[in-house]
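The values are calculated or read from the model by the stated rules, or taken from the named source; none is laboratory data. Please read all numbers here as calculations on a predicted model, not as lab measurements. Methodologically, a virtual Cβ is constructed for each residue, glycine included, from the backbone with ideal geometry; neighbour enumeration extends over all protein chains shown. Only protein heavy atoms, including side chains, enter the accessible area calculation; ligands, DNA and RNA are left aside. Shrake-Rupley method; radii C 1.70, N 1.55, O 1.52, S 1.80 Å.
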Amino acid sequence: MSLWEFTWEERLDRFVTELGHHFPDNRVLTDEASKYAYGFDASIHFAKPDVVVLAETREEVLTVVNLANRYRIPLVPRGAGTGLCGHALAWYGGCILDLTRMNKIREISVENKWVRVEPGVVYADLNRALSPHGYAFPPEPGSGDVCTIGGMVATNASGSRALKYGATREHVLALEVILPNGTRVALGSSTLKRSAGYTLTHLMVGSEGTLGVITEVVLRIAPVPTHYATAVAAFDQIEKAGRAVERLVRLRTLPAAIEIMDRTCIEAVNRAMELGLPEVAGIVIVEFDGFSTDEAERPLEEAKRICQEEGVEQFEYTTDPQERARLWAGRKAVLPSLSRAVGGKYSTSLADDMIVPVSRVAEAVKRFAEIAKRYGVTIGTYGHAGDGNLHCKVIFDVKSPEAWQQAWKACWDVYRVCVDLGGDLSGEHGIGFTKAPFLRLRKPRELELMRAIKRLLDPNNIMNPGKLGLEEIPDTFLYKLRYPVKL
Amino acid sequence: MSDDEILHQYLTCTMCGFCRPVCPVYRVFENETCTPRAIVGLAYGLLRGELDVAQASATARLSVSCRACEVKCPSGVEILKVIRWLRRSAWRQGIGPEKKRSAVEYLKKGLSINGKQPRVEQQEDVEVVLFTGCCERTEYAVVEEVFKQLGVSYSVVEQLCCGLPLLLEGLEDLLREHQQRALSKLPREKRLVTACPGCAYMLKEAGLEVAWLPRFLSEKLKLHQLKPVDQRVVVHEPCFGLRYLNAGEDLDALLRQIPGLTLVKPEPWCGAMSFCCGAGCGWELRQEGDGPKLIRRERVNQLRGAAEKVVTACPHCYRWLSEEVPVLRIEELVRMALA
Ligand SMILES: Cc1cc2nc3c(=O)[nH]c(=O)nc-3n(C[C@H](O)[C@H](O)[C@H](O)COP(=O)(O)OP(=O)(O)OC[C@H]3O[C@@H](n4cnc5c(N)ncnc54)[C@H](O)[C@@H]3O)c2cc1C
Ligand code: SF4
Ligand code: SF4
């Protein structure tokens, strides 16, 4: 009997039954509570899978992929589910493959400057293990205490340190991937340089689980600086902050991080964390690092001069590790702190990530604020200004259908501004489902090429369907919302 | 706890997952369904009528009420409120472990959770009242010894429940009744002292003057000459002392007062992020399943990695951890320092 004579229910049934032959009961979840729980990630969406499998080995992953391919069951690899655009949701049902139990650090090779890990290793755990060696995997996403290396590779995650140290992509030396047809491939090599054909590791980085399941990652590691100097510069106009950023990036000593926060964000963090940041139009956090006090602190003078020339209101710095930790904890908490922002209104993961040329940061922040006003929503903007990477949270009455329509329009305008300014839809969080509608704002050729690659590697379209606009570009993100609203 | 309030908690939650790695239940079951974030999501499922009570409350019933999630949550979601709302919904449908149900039945009858008759010693001329909660008086033997060494006069209240179980199960009405009935038996004008941080929290919330044992001993030791105690110990900071009572400082202060002691903390599972031993102030040991045991194993591994000997300041943590590792109680360290 050919596969297509089976109904979806029959295929699913057989798939689940066969999983039961390979996995113990407590690792194949079909109970309602589990399906519901896996219906969420850090996005605005909700989509329930039909089954969840908790894999512990690459062989088990192979089994699941083969079965999913045989029965044409959508298969969604999942790390910690911190993706902000519905990446790890089973958009069309099917199977979620939870990889967080594959969390072994297989080998740390300081002499070769790499580490070999399973995909479910949590970013912070990896760096804790590297810390006695004086090394780290630098990208440092804000979700680093939670997110997994597999998720980071699949979204090319990064953070404030990307300016100096690069994003995840720059650190991936080799990958082991189970392709949708069940082939296990080793891509790249555990060497610091390589010129042996296509860099297929890069194809997998940012693929958002649509091309295969990553089962092992070799990452380049870097020595951890011993000294830091962190300054907070407060500006009464966002344009001034933007001009300062533009000049700070050109310093001969590249800062380790340049962050920006607008007033909405500053107020939210102060409220949530009692941080006492100056409540001005915008603050810029600039940090230098190195292996001596001099190396970290010397460039501050120049940075201060630049900020003064751009009309800074207040410029303060610290080299105290505790004070620095407090400041960064505040910066990392911007996103969730905005959730406490305005009474009766709630913050949503919309316009979560944009990238523009560094020279256009201030203009972008300003235009986002205008957009917010136009559509009657609150937009808090912050981000890694040093590489032009901005984040927003859009705050509105999530129970109101009209407010959702306004939010949709606001996001459309935000992304149009980014593309108009020479930027793109995402610097680090990826596309998932939520940002897929905005692919319409970009030139179509690249997406066509991506679709061709997808068809080649995953002809049955089992891997994470519905994401990255690979089948079609959705007309709006107002689908499968996790909010109590009817649209 | 109204439905609207629960909806507000759900909408406030950004599903960021920050609460996930700090939750002991998640760490041992390694399954998204067992995360605090999932609890918030499941509550929404119940509100929407998309899940039934048994399904929606399954994870909330596994919680050990350690409150790590709530302290970690940057959005200020009151996760414990959601847990209690789900537990209460389960109670209303008669869903819940037998051991918890029988305990609540005892409480309704004015007994302790172990079915014992409360005993309140009436002595006027004492400095403090020692409140043992549901612990046996024998568990307070060292405390009594130390009180004698310190010249503290006291009377004892035994087997009188502080009401914590009712709070943790979301049984608000019963809790109010219980507090009115049971706590009225306590001598109002006397300062209460208890080794149990859960009792200390509940008594404090009820407006009574109460000191958790570490604070009381710390105050008293200031007036005494102490001998060095040459021990290297790793501290297991009790959840209820740290995250309910906010009295981690009191425990630190007492331990710092003891000369010769080398203190180790099990990084990163210490301070505000101290990891639960699984006991949930004794109450959560009444759950079905092996969650608390698995959590204890995880905690013991963290502690053993740091030092051989463990010290703690909660009778429930002590009793539970002692089944797997040698544990000292703070009062034992104080006794050594006073010897
Ligand atoms: C509060 C907060 C702050 C954040 N800050 C940042 C930040 O600073 N920088 C940043 O870049 N991102 C940030 N993010 C977004 C998110 O944390 C990252 O995208 C992260 O890398 C996702 O990892 P995860 O393990 O949670 O993956 P998931 O969300 O589970 O999955 C993300 C995607 O990766 C795929 N995937 C996961 N594992 C595998 C695998 N083994 N093989 C193939 N595909 C896989 C999934 O299918 C999915 O498409 C933040 C999120 C939150 C909630
Ligand atoms: S930390 Fe708070 S906001 Fe984040 S998922 Fe947990 S409960 Fe929700
Ligand atoms: S209280 Fe503790 S056990 Fe319960 S959900 Fe929160 S972190 Fe987990």
Cα-based equivalent ellipsoid of segment A:352-487: semi-axis lengths in Å, sorted from largest, via gyration tensor: 26, 21, 11
Directionally averaged projected area (convex hull, Cα atoms, chain B), nm²: 16.2
Shielding by partners - mean other protein chain Cβ count within 10 Å, residues of A:42-54: 2
Long-range tail of P(r) for segment A:8-98 (Cα pairs > 20 Å, %): 28
Among beta bridges that DSSP assigns inside the protein assembly as shown, antiparallel share in %, nearest 5: 70
Mean residue ellipticity (222 nm) of chain B, computed from DSSP H runs ≥ 4 via -39,500 (n - 2.57), nearest 500: -13500 deg cm²/dmol
For segment B:297-339, diffusion coefficient by Stokes-Einstein and Kirkwood Rh (Cα), 4 °C, 1.567 mPa s, µm²/s: 120
Alpha-carbon centroids, segment B:149-171 and segment A:407-476: separation in whole Å: 60
Percent RCO, i.e. relative contact order, over chain A, from Cα pairs under 8 Å lying at least 6 residues apart: 15
Contact order relative to length of segment B:119-218, as percent, for alpha carbon pairs under 8 angstrom and 6 or more apart: 31
Chain A: radius of gyration and largest Cα-Cα distance (Dmax), Å: 22.6, 77
With every protein chain in place, segment A:8-98: carbon and sulfur % of accessible area (1.4 Å): 45
Lys/Arg +1, Asp/Glu -1 at C-beta; the protein assembly as shown dipole; positive extreme among A:Leu421, A:Thr199, B:Cys162: A:Thr199
Helix-derived mean residue ellipticity, 222 nm - over chain A, DSSP H n ≥ 4, -39500 (n - 2.57), to 500: -10000 deg cm²/dmol
Where labels lie 7 Å past Cα in the beta-carbon direction, separation of B:Val120 and A:Glu471 in nm: 6.8
Scattering curve values for segment B:119-218, log₁₀ I(q)/I(0), Debye with Cα scatterers, q = 0.10, 0.13 Å⁻¹: -0.25, -0.42
Positions from segment B:68-108 whose accessible area shrinks by 50 Å² or more when the full protein complex is built, not the chain alone, probe 1.4 Å: B:Pro74
For segment A:116-189: span of alpha carbons on each principal axis (Å, largest first): 37, 25, 24
Approximate shape of segment B:223-272 as ellipsoid semi-axes (Cα gyration tensor, √5λ), whole Å, largest first: 22, 14, 6
Counting all C-alpha pairs of segment A:143-283, share separated by more than 18 Å (%): 67
From the C-alpha gyration tensor of segment A:436-487, square roots of 5λ in Å: 25, 15, 6
Projected label distance in nm at A:Glu316 and A:Ala196, using a 7 Å step from Cα toward the beta-carbon: 5.4
Selection of trypsin sites (Lys or Arg not before Pro), segment B:74-119, meeting DSSP coil and at most 10 other Cβ within 10 Å: B:Lys109
Contact order relative to length of chain B, as percent, for alpha carbon pairs under 8 angstrom and 6 or more apart: 17
Surface share of carbon and sulfur [accessible, 1.4 angstrom probe, percent] for chain B: 47
Coordinate range along principal axes, alpha carbons of segment A:388-433, Å, largest first: 33, 20, 17
For q = 0.25, 0.27 Å⁻¹, Debye-computed log10 I/I(0) when each Cα of segment B:164-212 counts as one equal scatterer: -0.98, -1.09
Extent along principal axes [Cα atoms of the protein assembly as shown; Å; largest to smallest]: 88, 75, 55
Computed magnitude of the charge dipole of segment B:3-92 (debye, nearest 20; Cβ of K, R +1, Cβ of D, E -1): 300
Rule-of-thumb Rg ratio for segment B:167-267 [Cα; 2.2 N^0.38 Å; N residues]: 1.29
Spread of Cα-to-Cα distances over 5 Å intervals beginning at zero, given as percent, for segment A:1-46: 5, 17, 17, 19, 18, 15, 7, 1, 0
Accessible area of the protein assembly as shown divided out per residue, in Å², using a probe of 1.4 angstrom: 38
Inter-part distance where segment A:364-389 and segment B:220-283 are each reduced to a Cα centre, Å: 46
Shape category assigned to segment A:227-421 from the gyration tensor of Cα positions, a/c cut at 1.5: prolate
Percent of Cα pairs exceeding the 14 Å cut-off, where the set is segment A:238-289: 54
Two-decimal log10 I(q)/I(0) for segment B:3-92, as the Debye equation yields it once each C-alpha is a single scatterer, q = 0.20, 0.24, 0.25 Å⁻¹: -0.84, -1.24, -1.34
Interatomic Cα distance distribution for segment B:64-110, bins of 5 angstrom, percent: 5, 19, 19, 20, 16, 11, 8, 2, 0
When each of A:Lys332/A:Lys409; B:Lys99/B:Lys185; A:Lys35/A:Lys345; A:Lys240/A:Lys304 is checked by Cα-Cα distance, pairs over 19 Å: A:Lys332/A:Lys409; B:Lys99/B:Lys185; A:Lys35/A:Lys345
Accessible area buried at the A-B interface, both sides summed, 1.4 Å probe (Å², nearest 100): 3000
Protection proxy ranking, peptides B:258-269, A:150-161, A:5-16, B:207-218, average beta carbon neighbours within 10 Å, highest first: A:150-161, B:207-218, B:258-269, A:5-16
Dipole magnitude of the protein assembly as shown about its Cα centre (Cβ charges: Lys, Arg +1; Asp, Glu -1), debye to nearest 20: 460
